[in-house]
Every structure is written in C-alpha cells, then in structure tokens.
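Let me begin by presenting the structure, written as structure tokens, before commenting on it.
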Amino acid sequence: NAGVTQTPKFQVLKTGQSMTLQCAQDMNHEYMSWYRQDPGMGLRLIHYSVGAGITDQGEVPNGYNVSRSTTEDFPLRLLSAAPSQTSVYFCASSYSSSGVFSYNEQFFGPGTRLTVL
Amino acid sequence: AQSVTQLDSHVSVSEGTPVLLRCNYSSSYSPSLFWYVQHPNKGLQLLLKYTSAATLVKGINGFEAEFKKSETSFHLTKPSAHMSDAAEYFCVVSGRGSQGNLIFGKGTKLSVKP
C-alpha cells in the first residue's frame, strides 16, 4: 500500500493564480481531510469529507474548495492564491469504527509546501 | 467545544535524561486523545492514542502518556531521551461529536543535547 500520497511536493504561485493540490489514498478510508500547518499554529483543518459526495468546512475554509467524487481522491483547489495561503498542506485519511471516526488515528501524507508570491 | 493547550513551545533535554511534554485539553465530550510526532520536513506519525480504555497508554519508541480526567491532562513521557527523539510533538483531541476532526495543539519542539 502506498498509503496517502500528495502531489506536488513543492509549488510556487503568483498572487491570483489557481491550482489544485492532489491527494489520494489506497486504504479504502471513508474519512479524508486537509490541514494547513503554519509556524507556531499547529495544524488547522481546512475541509473534510466522510465519504464520496460528502464534504464540509473545517476551521479555515476561506479561499479553498474541495470535492470528493471517489473514495480514493480528495483534491484541494485554491481559487485565487494569496500570500496568506503560503503554508504546508497535509492530507489525511481515516476509517470508522461502528460509524464513529473519532477513535481512530489519521494517516497523513508527506505534505505539499506552497509559496505564494 | 474542544481545545488543546501544550504548555511548552520548546523543551530541551540531555540524551539519557527523562522527557516530559505537557498537554491539557478541554472537551464537551468524552475525548479521544492522541500524540503525533513530526520529524523535520516529514509528515506526521502517530505515537499513541487514548480512547477510554486504560488510562496509561504505551506508544512507540518507549513513549507513554497518562490520561488524568480530574486534571484534564495527557502528558507525554519517556524515561530516557535519545538523539533520534528530536522532533516536534503535537497533542491532539478528537471526540464523538467531532466527526473525526482533529484539534491540534500548537506543538512542542523537543531538542536533545548529546
């Protein structure tokens, strides 16, 4: 199993450009999520999904869109990049126990380091 | 509402001495608590988790944590630090009502001196 994979590893954008960060998992996990990591802030949840066709907002959703058309993939779209979106982005996935996700560990991808100039 | 406070942003120890990383939590639900470790320029790896079973939880690489409900704490300990333990550590809370969403503390950077 490859686990959780993310592409690209690094990206530099200019203000106003759009792009999609890719995330895929091969563990048949129902739950997938996107976090951003900024120095001294820990990780903060952007968007999450509890299954194909179901998405919801996390703590810091503004400026980002997601969709979940398959169990395996959960892309994150930046609509119009801003310098405040310079960060490291992590995708994670998890599974449920009796329909509950909160008891189980999340498996994290290696991250995408994004710089917006 | 849930929150996590890591009481130290940076901890420095000598190799072979004990490690203590402190974490307090707040949760409206019976919480699930986790410690994750992040080595430089790497992703996050689960060290250990508490989900209402035994209050003393053992994890990988000799780490353990004790859930103390009366103190709302979940401190991470290791009897003897190794150079390879140098990393950033995150205390994380989840709960039955959170749909699995994780609330991260701001992290504690552990330095290990030879």
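The values are calculated or read from the model by the stated rules, or taken from the named source; none is laboratory data. On a predicted model such as this, the values are computed, not experimentally measured, just so you know. For neighbour counting, all protein chains shown are included, and Cβ atoms are generated from backbone atoms with ideal geometry for every residue, glycine included. Ligands, DNA and RNA are excluded from the accessible area calculation, which covers all protein heavy atoms including side chains. Shrake-Rupley method; radii C 1.70, N 1.55, O 1.52, S 1.80 Å.
Observations on the model:
- For residue B:39, the shell of other residues with beta-carbons less than 15 Å away shows a net charge of 0, using +1 for Lys and Arg and -1 for Asp and Glu.
- Residue by residue, the range A:85-94 carries 3J(HN,Hα) couplings of 8, 4, 5, 10, 10, 10, 9, 9, 9, 7 Hz when phi is fed to the Karplus relation 6.51 cos²θ - 1.76 cosθ + 1.60 (θ = phi - 60°); x denotes Gly or Pro.
- The B and A chains share an interface that buries close to 1800 Å² of accessible area, total over both sides, probe 1.4 Å.
- Sites listed here are chymotrypsin sites (Phe, Trp or Tyr not before Pro) in the range B:29-66 whose DSSP assignment is loop and whose Cβ has at most 16 other Cβ atoms within 10 Å: B:29.
- Stokes-Einstein translational diffusion, chain A - Kirkwood Rh over all Cα pairs, 1.306 mPa s, 10 °C, in µm²/s: 112 µm²/s
- Our Cα-only numbers for the range B:19-114 put the radius of gyration and Dmax at 13.1, 44 Å.
- The Cα center of the range A:1-59 and the Cα center of the range B:59-114 differ in position by 23 Å.
- Pairs of Lys residues in chain B are counted when their Cα atoms are under 16 angstrom apart and they lie 8 or more places apart or on different chains; the count is 9.
- Net charge contributed by nearby residues that have their C-beta within less than 11 Å of residue A:54 (K/R +1, D/E -1): -1
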